Amino acid sequence: MRTIFKRDFLAYFRTPTGYAFMGVFLSLAGFIFYLYNLSTLSSDILSFFSQLTLLVMLLTPMLAMRLISEDRQKRTDQLLLTTPISLGKTVMGKFLAAACVILITILLTNVYTLIIAIYGVVYPGEWFVGLLGFTLQSLCFLALDLFVSCFAKNPLTSAVFAFAANFVLWMTDLLANNISITWIQNVLNFISLYDRYEPFILGQLSYSSILFFLSFIAVCLAGATHVLDSRRFSGGGAA
């Protein structure tokens, strides 16, 4: 797992992918910070975190698109499928590599928090809760995108699939409000990442949401492992 992690993590910075993700994210985060905090002289750090979710939804496919599908495009995936390392550890190593890029980016985003702290007031409890919720939600999108990447034959297709999956998942809250069938509403509300994130942007530490986020990540990674495992024995793959 350590070998997979090191290879994939370093690959982000041996190519423009990691720098592009961090640069675009931090630039757009800076614009959001100006729009919602500087221009209004607001020190509300939670509203800043709430707006960053859209960036994660749009940009995590950039990181996930190469994790599985690039190996498949280069026909090096058979090496992963036949390696003595378990597929679960392979998937985990790839996930952690991309997760570290996200965590570094989120850490750098706290420059904006520091600016608020210098010129206004930042409550440490609110900051921690908001940051925790945002980080967990970001990792959920990444795990979903990694799972989707298993069904694509090349990174571009993977990015399109991942963005579509992120969009559908993000729209579950709106869909739930426009569907009259109760059980479908309940299912959509249950899987809604926005609903799970809402307590955090209100400054509330939700243990049920934390459990959901961690379970969501685990299910996506288990799903990715299962897809790769089935490919190992079938020798085939998704389109």
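Structure values in brief
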| quantity | calculated |
| --- | --- |
| From D145, D195, residue being touching a helix residue (DSSP H, G or I) at 6+ places or on another chain (Cβ under 7 Å) and more than 16 Å from A64 (Cβ to Cβ) | D195 |
| Residue satisfying condition, being surrounded by fewer than 17 Cβ atoms within 10 Å (Cβ to Cβ) and either on the phi < 0 side of the Ramachandran plot or in contact (Cβ under 8 Å) with a residue 24 or more places away in the chain (or both), within set G18, G23 | G23 |
| From T182, T172, residue being touching an Asp or Glu at 6+ places or on another chain (Cβ under 9 Å), among the β-branched types (V, I, T) and farther than 28 Å from G125 by Cβ | T172 |
| Among the candidates F49, F31, F9, F5, residue that is without any contact (Cβ under 8 Å) to a residue 60 or more places away in the chain and not small (G, A, S) | F31 |
| Segment 105-141 - residue that is among the small types (G, A, S) and either surrounded by fewer than 18 Cβ atoms within 10 Å (Cβ to Cβ) or in contact with an Asp or Glu (Cβ under 8 Å, 6 or more places away or on another chain) (or both) and, of those, modelled with the lowest pLDDT | G120 |
| Residues that are surrounded by 12 or more Cβ atoms within 10 Å (Cβ to Cβ) and hydroxyl-bearing (S, T, Y), drawn from segment 26-42 | Y34, Y36, S42 |
| Helices (runs of 4 or more DSSP H) within segment 136-210 that include 1 or more residues closer than 22 Å to F21 by Cβ and without any contact (Cβ under 8 Å) to a residue 40 or more places away in the chain | 155-170 |
| Tally, over segment 94-122, of residues that are in contact with a helix residue (DSSP H, G or I) (Cβ under 8 Å, 6 or more places away or on another chain) and outside any helix (DSSP H, G or I) | 1 |
| Extreme residue, modelled with the highest pLDDT, among residues of segment 11-57 that are within 15 Å of V122 (Cβ to Cβ) and under 21 Å from the mean Cα position of the chain (by Cα) | F33 |
| Single unsatisfied condition, T225 versus (1) surrounded by 19 or more Cβ atoms within 10 Å (Cβ to Cβ); (2) within 30 Å of D44 (Cα to Cα) | (2) |
| Residue in segment 179-199 that is crowded, with 22+ Cβ neighbours inside 10 Å and more than 22 Å from V101 (Cβ to Cβ) present | yes |
| Residue list for segment 110-147, restricted to those being farther than 19 Å from Y194 by Cβ and among the β-branched types (V, I, T) | V111, T113, I115, I116, I118, V121, V122 |
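The values are calculated or read from the model by the stated rules, or taken from the named source; none is laboratory data. In this text the structure is predicted, and so the values were computed from the model without any measurement. All Cβ positions, glycine included, derive from the backbone under ideal geometry; neighbour counts span all protein chains shown.
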